[in-house]
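Working notes, beginning with the structure itself.
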Amino acid sequence: MKTQTNQSKLIIDMFIQQGKWALWLLSAVVVLYIGMIFVTSQYGDTLANFLTFSFEPAKLFMLVIAIFLSYSFLDTYIKLGITRNQFFTATGVTAVLLAAGLTAAAGILTGIQHAVMNVMELSSIMEAGTIIGLDVSMTAAIPICFFNLIMYHLIGWLIGAGFHRYGWLPGLGFIALGILLTAVSDMLWGFETIEGLSMLLSLESGAVAGGLSITAAALLLPLVFLIIWQITKKTAVRL
């Protein structure tokens, strides 16, 4: 019972801390987006919806905080009596909750943005076509955004864990691994390299984005999670 209580408290503590950082991110992105609406309306350009606009900053945020947490917080929590297994579980659960929160907030703000801009008769400046860089509906974009945010958190966690255990020089190899995993994940979801992948596999873009992205979400995420655990469970604590 005490172990479960410690685990729950750790998850809540980590989520609250990272949630505060996420609120600062969202606040900054919202302010910047409002400024972009003003500039766009003045110069006659078009602007992507808020979900698309916030997608890249959110991915970078998840990557950076995961590197920071895995490199700096493991030692601190273990000194406070938290086990590696508890830290690992809490970090994983927090990543999912944070990705869900950021995705939900971006989706809600996108709905508010559309409603307000229709009332203000500014809908003409909204960019038509792709959402988060893909030719998908808003309904499909939401889960794609969610899974990608988790993936970027895991990649950051992997890089931080590699540096923490092996040091700076070998840690550079984990940066290269992170870049590779990012490229593979993006390709399977349909970002950037989708046309090359489609031609290679003789598939239509929709088939790649629909079939292989589900496979990537099912196999790549747990694979990275397992690699991180293998690194973390043998990492020495810095006193």
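The values are calculated or read from the model by the stated rules, or taken from the named source; none is laboratory data. Remember, predicted model here, so these are calculated numbers, not experimental data. When we count neighbours, we look across all protein chains shown, and the Cβ atoms used for this are built from the backbone with ideal geometry, even at glycine. We work out accessible area using only protein heavy atoms, side chains counted, and drop any ligands, DNA or RNA first. Shrake-Rupley method; radii C 1.70, N 1.55, O 1.52, S 1.80 Å.
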(message) Can you tell me how many residues within region 24-56 are over 22 Å from the mean Cα position of the chain (by Cα) and assigned to a helix (DSSP H, G or I)?
(response) 10
(request) For Leu80, work out the one condition from (1) out of contact with any strand residue (DSSP E or B) (no Cβ under 8 Å at 6 or more places or on another chain); (2) free of Cβ contacts under 8 Å to residues at least 40 places away in the same chain; (3) closer than 21 Å to Leu134 by Cα it doesn't fulfil. (result) (3)
(message) When you scan region 132-153, do you find a residue that is touching a Leu at 6+ places or on another chain (Cβ under 8 Å), surrounded by 14 or more Cβ atoms within 10 Å (Cβ to Cβ) and not in a helix (DSSP H, G or I), even just one?
(response) yes
(request) Output the qualifying pairs, or none if there are none: Cβ atoms under 7 angstrom, residues six or more apart or on different chains, first residue in region 39-58 and in contact (Cβ under 8 Å) with a residue 60 or more places away in the chain, second residue crowded, with 19+ Cβ neighbours inside 10 Å and of a type in the set (S, T, N, Q). (result) Asn49/Thr110; Asn49/Gln113; Phe50/Thr110; Phe50/Gln113; Leu51/Thr110
(message) If I ask for residues that are in contact with a helix residue (DSSP H, G or I) (Cβ under 7 Å, 6 or more places away or on another chain), open to solvent by 10 Å² or more (accessible area, probe 1.4 Å), of a type in the set (S, T, N, Q) and under 30 Å from Gln7 (Cβ atoms), which ones from region 83-131 would you list?
(response) Gln86, Thr89
(request) Keeping to region 61-77, report how many residues are free of Cβ contacts under 8 Å to residues at least 40 places away in the same chain and either crowded, with 23+ Cβ neighbours inside 10 Å or in contact with an Asp or Glu (Cβ under 8 Å, 6 or more places away or on another chain) (or both). (result) 0
(request) Search region 94-120 for residues that are over 29 Å from Met14 (Cβ atoms) and pair each with any residue that is modelled with pLDDT of 85 or more and buried (at least 19 other Cβ atoms within 10 Å of the Cβ) when their beta-carbon atoms are under 7 Å apart and the residues are at least 6 apart or on different chains. (result) Gln113/Asn49; Gln113/Phe50
(request) Report whether or not Ile11 is crowded, with 20+ Cβ neighbours inside 10 Å, touching a residue at least 24 places away in the same chain (Cβ under 8 Å) and either under 23 Å from His164 (Cβ atoms) or not aliphatic (A, V, I, L, M) (or both). (result) no
(request) Kindly indicate the residue of region 14-27 that is open to solvent by 60 Å² or more (accessible area, probe 1.4 Å) and touching a residue at least 12 places away in the same chain (Cβ under 8 Å) and also nearest to Ile125 (Cα to Cα) among those meeting that condition. (result) Trp21
